[in-house]
1. Can you confirm whether V83 is hydrophobic (A, V, I, L, M, F, W, C), out of contact with any strand residue (DSSP E or B) (no Cβ under 8 Å at 6 or more places or on another chain) and farther than 26 Å from V45 by Cβ?
2. Quick one: is D28 surrounded by fewer than 18 Cβ atoms within 10 Å (Cβ to Cβ) and either at pLDDT 80 or above or not in a loop (DSSP other than H, G, I, E, B) (or both)?
3. Restricting to the stretch 165-194, name every residue that is free of Cβ contacts under 8 Å to residues at least 60 places away in the same chain, open to solvent by less than 100 Å² (accessible area, probe 1.4 Å) and under 44 Å from the mean Cα position of the chain (by Cα).
4. Return the only residue of S120, S104 being open to solvent by 80 Å² or more (accessible area, probe 1.4 Å), without any contact (Cβ under 8 Å) to a residue 12 or more places away in the chain and farther than 24 Å from T30 by Cα.
5. Just need a number here: residues in the stretch 123-151 that are out of contact with any Gly (no Cβ under 7 Å at 6 or more places or on another chain) and either free of Cβ contacts under 8 Å to residues at least 12 places away in the same chain or open to solvent by 80 Å² or more (accessible area, probe 1.4 Å) (or both).
6. If you check D59 against the conditions, is it within 30 Å of L15 (Cβ to Cβ) and either surrounded by 13 or more Cβ atoms within 10 Å (Cβ to Cβ) or not polar (S, T, N, Q) (or both)?
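The values are calculated or read from the model by the stated rules, or taken from the named source; none is laboratory data. All figures in this text were calculated on a predicted structure; none of them were measured in a lab. Counting neighbours? That spans all protein chains shown, and the Cβs are built from the backbone with ideal geometry, glycine included. Calculation scope for accessible area: heavy atoms of the full protein, side chains included, ligands and nucleic acids excluded. Shrake-Rupley method; radii C 1.70, N 1.55, O 1.52, S 1.80 Å.
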Amino acid sequence: MFMDFVFFITIILILGGAFLFMVSQKEDKTIAGYRFYNVLTDSMVKTKSNQKGNFQSGDMIIVKKINPKDVVVGDIITFVPNVNSTNTYLTHRVIEKKEPKDTSKSDVPNFITQGDANNSPDPEISGENIIGKKVLVIPKVGTIIKFVRENLLSVIVFVVSLFLFVYLITSYLKETNKRKRKSRRKKNEKSKKK
């Protein structure tokens with residue numbers, strides 16, 4: 001019984017943390033330096049057989065913060081394309097890295113990126129606009145999160161109902177097992193008396 005209680009409390013804490021993370025309006029939220037993004041476009045779908053790290057709309061990508069100096073050509077990075085629009089993010093492949101000519105002003109390189117499915121490169125960006133490097137793709141999770149955000153009340157009712165159902169089934173099965181054991185003990189005691 002104690003383990004069931006610990007299990008349910010753990011699940012509630014995990015779901016509560018995930019819920020708070022999901023609905024938080026804070027733009028720079030991270031978990032241990034990792035950020036999660038829902039993919040909205042197909043600009044990074046695979047167009048050549050030798051491309052790696054591609055993803056499509058509906059996927060979720062996990063991005064790790066990175067020093068712009070450590071970015072190399074071929075990395076897939078998430079960045080703010082326009083400093084005036086800080087809540088817009090792009091995740092594209094680096095096709096060119098430009099080291100600064102005058103390091104007295106800034107020692108951060110500039111980059112040219114391009115979506116694998118796009119016909120032309122993006123405008124040059126400063127390394128200061130880089131959020132991080134894509135480290136993992138989780139297919140279709142973005143679609144699920146979008147559904148949860150759009151149907152939050154229904155999802156909460158479903159999850160609570162599911163937990164109650166599982167709890168009732170496990171309680172019923174435990175009680176049934178107790179009765180069977182009790183019945184076996186009585187039979188064994190009767191057979192020993194004879």
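1. So V83 fits the description; yes.
2. No.
3. Result: V166, I169, S171, L173, K174, E175, T176, N177.
4. Going through S120, S104 in turn, the sole match is S104.
5. 11
6. So D59 fits the description; yes.
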